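A quick write-up on the structure given underneath.
The values are calculated or read from the model by the stated rules, or taken from the named source; none is laboratory data. Source: prediction; values computed, not measured. Note that we place each Cβ from the backbone using ideal geometry, even for glycine, and neighbour counts take in every protein chain shown. Just the protein is used for accessible areas: all its heavy atoms, side chains included, with ligands, DNA and RNA removed. Shrake-Rupley method; radii C 1.70, N 1.55, O 1.52, S 1.80 Å.
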Amino acid sequence: MMKTLALFALLFAPLPALAEGFSPVREKAEFVGLINGKALTRFGISLNVSPKGAIKGKAFGATVTGNWNWKNGLFCRDMAYGSTEIPVNCQLVERKGSTLRFTSDAGKGDSADLRLK
């Protein structure tokens with residue numbers, strides 16, 4: 001029983017060290033160089049973020065559309081997921097290999113990791 005509790009605690013405890021190895025993407029030119037000609041993917045999600053500011057793709061079968069711009073070192077986007085409007089949010093972008101991490105609320109909110117393919 002103690003081993004089960006210890007394993008559970010280890011697997012589900014917050015692990016700030018997981019952020020290690022990610023480097024901030026601060027410049028628009030760097031971001032565009034990373035996404036140009038590639039899709040951002042995650043289970044059930046595939047998005048194309050164009051260098052000219054459009055977002056198009058699918059998420060779990062629903063169409064995703066939107067626009068983005070770069071402001072003060074952040075990726076700022078508005079989107080629609082199916083018929084649901086998602087308001088503007090500026091996000092910190094970080095990179096580790098072929099993974100980009102987008103953290104909402106200028107790096108203070110929830111994050112999502114998407115792979116470049």
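Quick notes on this structure:
- Within straight-line reach of K108, meaning a Cα separation under 18 Å, sit the following lysines at least 8 residues removed in sequence or on another chain: K71.
- Residue-level accessible surface for T103, protein heavy atoms, 1.4 Å, Å²: 10
- Summed side-chain charge close to N72 - residues other than N72 whose Cβ falls under 13 Å, Lys, Arg +1, Asp, Glu -1: +2
- The heavy atoms of K71 offer some 110 square angstrom of accessible surface to a 1.4 angstrom probe.
- Listed by chain and number, the aspartates and glutamates whose alpha-carbon sits under 16 Å from that of K38, ignoring those within fewer than 8 places in the same chain, are E30, D113.
- Residues of the range 73-117 with amide N under 18 Å of a point placed 7 Å along Cα→Cβ from T63: 78-86
- Counting charges near T41 (Lys, Arg +1; Asp, Glu -1) among other residues having Cβ under 12 Å from its Cβ returns a value of +4.
- Each label point was placed 7 Å from the Cα along the Cα-to-Cβ direction; for T41 and A112 their separation is 1.6 nm.
- The solvent-accessible area of L40, taken with every protein chain present and a 1.4 Å probe, is close to 10 Å².
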